[in-house]
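Novice: First, the structure itself, so that you have it in front of you.
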Amino acid sequence: MNDYLLSIVLGIIEGLTEFLPVSSTAHLRIAESLFHISLSDGYWKMYTIVIQLGAILCLPIYFRSRIAKFLNTFPQGENGDCTALTHPLGLTMVAFVVTAVPAFLLTKVIGKHLESLYIMGTSLLVGGIVMWIVDAMNARAEALGPNASGSRIHTWKMEAMSLGQAVWIGACQILSAVFPGTSRSMSTIAGGQIAGMSRASALEFSFFLSIPTMVVATCYDLLKSLRGKGTNPIGVGQIDAHGWIVLAIGFLISFVVAYASVAWFMGYVRKRGFAPFAVYRIVVGAMVLTFAGRLMQG
């Protein structure tokens, strides 16, 4: 496949799957097998980091008004009842720290799992089942709304989150770091719903949490590779004009597609929930496990 066309396809895959609860890592790994490229090689490793950064950039732009509001009300909150820890920005950083420290300590374990199609397939399958069950448990409460008595949902807005919920969601996100295919967004969304959050509030917090999580993770990978400390140093000086154009195409496509997917996803989930994504995960997970089994036999 032509490199420019390949960059467009990979940029679309990254933009579509980074924030949907279907695992971008697993989909890029599937694309790697289908297109017979090695995303662990120096150049393509840089490419995957660049398109991730393109996807990340869409979030602060899409949520710019919410971010401005939170910055203006920090730390006391809109109603004056928050502290630095319980303000939405503080809760985001708490959840990030809860995830970041164990994930960093488990770096070697994570590296071993990144190449395993069995782990990705199993994570997609199990994650889909969990997401389906959790969303079904909350479906009635979502339909009745915030004024219903005895509802299992007690947090309808991100501003109403508790410190305990943030810690719990951060802990759930560790699963996505250790087991590729779990999906960062799936683990945080399902974790939030289990903790009594509505679909909308869990989804919004998942997006906010992904900003520091993804920025730090991708920048760390980029810096490590640029300094020659990764398993496949990037070697920026060896990239020609063609290579830079391929990177630019992937970055732009990923940004545009990710922005559109976030905008669509926010509206879709409020009305229909996560069940279609759970079914998709189960189907893709079963296909990946079947493919992995055939590779082993072949």
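Novice: Efficiency by 1/(1 + (r/R0)^6): what FRET value for residue 137 and residue 260, r their Cβ-Cβ distance, R0 = 51 Å, to the nearest 0.05?
Specialist: 0.95
Novice: Now for a different question. With r defined as the distance between the Cβ atoms of residue 118 and residue 41 and R0 fixed at 25 Å, what FRET efficiency is calculated, to the nearest 0.05?
Specialist: That pair, residue 118 with residue 41, gives E of 0.65.
Novice: Ordering 16, 209, 34 from largest to smallest accessible area (1.4 angstrom probe), what's the sequence?
Specialist: The ordering from most to least exposed comes out as 34, 16, 209.
Novice: Summarise the accessible area of segment 1-129 (1.4 Å probe, protein heavy atoms) by the percent that is carbon and sulfur.
Specialist: Result for segment 1-129: 69 percent of the exposed heavy-atom area is carbon or sulfur.
Novice: I need the GluC sites (Glu not before Pro) found in segment 1-92, filtered to DSSP loop residues with at most 12 other beta carbons within 10 Å of theirs.
Specialist: When the GluC sites (Glu not before Pro) of segment 1-92 are filtered for loop state and at most 12 Cβ neighbours within 10 Å, nothing remains.
Novice: For residue 69 and residue 290, compute 0.36 nm times the residue count separating them, minus their Cα-Cα distance, and round to one decimal in nm.
Specialist: 74.8 nm
Novice: Any idea what the relative contact order of the chain is, in percent, if you count C-alpha pairs under 8 Å spaced at least 6 apart?
Specialist: 36 percent.
Novice: Figure the gain on full extension for residue 144 and residue 200 (residue separation times 0.36 nm, minus the Cα-Cα span) and round it to one decimal in nm.
Specialist: Full-extension gain reported as 18.7 nm.
Novice: In the chain, with Lys and Arg counted as +1 and Asp and Glu as -1 at Cβ, which of these residues, 50, 223, 101, has the Cα nearest the positive end of the dipole, that is, farthest along it?
Specialist: 101
Novice: Continuing with the same structure: Could you compute the net charge surrounding residue 186? Neighbours are other residues with a C-beta less than 14 Å from the C-beta of residue 186; K and R count +1, D and E count -1.
Specialist: Value of the local net charge: +1.
Novice: If Lys and Arg each add +1 and Asp and Glu each add -1, what is the summed charge of the other residues whose beta carbon sits under 11 Å from the beta carbon of residue 271?
Specialist: Spelling it out: positives minus negatives among the neighbours equals +2.
Novice: Moving to a separate point now. Report the extension gain between residue 5 and residue 241 in nm, rounded to one decimal, defined as 0.36 nm multiplied by the number of residues separating them, less their alpha carbon distance.
Specialist: Fully extending the segment from residue 5 to residue 241 adds 83.3 nm.
The values are calculated or read from the model by the stated rules, or taken from the named source; none is laboratory data. Keep in mind it's a predicted model, so treat the numbers as computed, not measured. Quick reminder, even Gly has a Cβ in these numbers, built from the backbone with ideal geometry, and neighbours come from all protein chains shown. Ligands, DNA and RNA are excluded from the accessible area calculation, which covers all protein heavy atoms including side chains. Shrake-Rupley method; radii C 1.70, N 1.55, O 1.52, S 1.80 Å.
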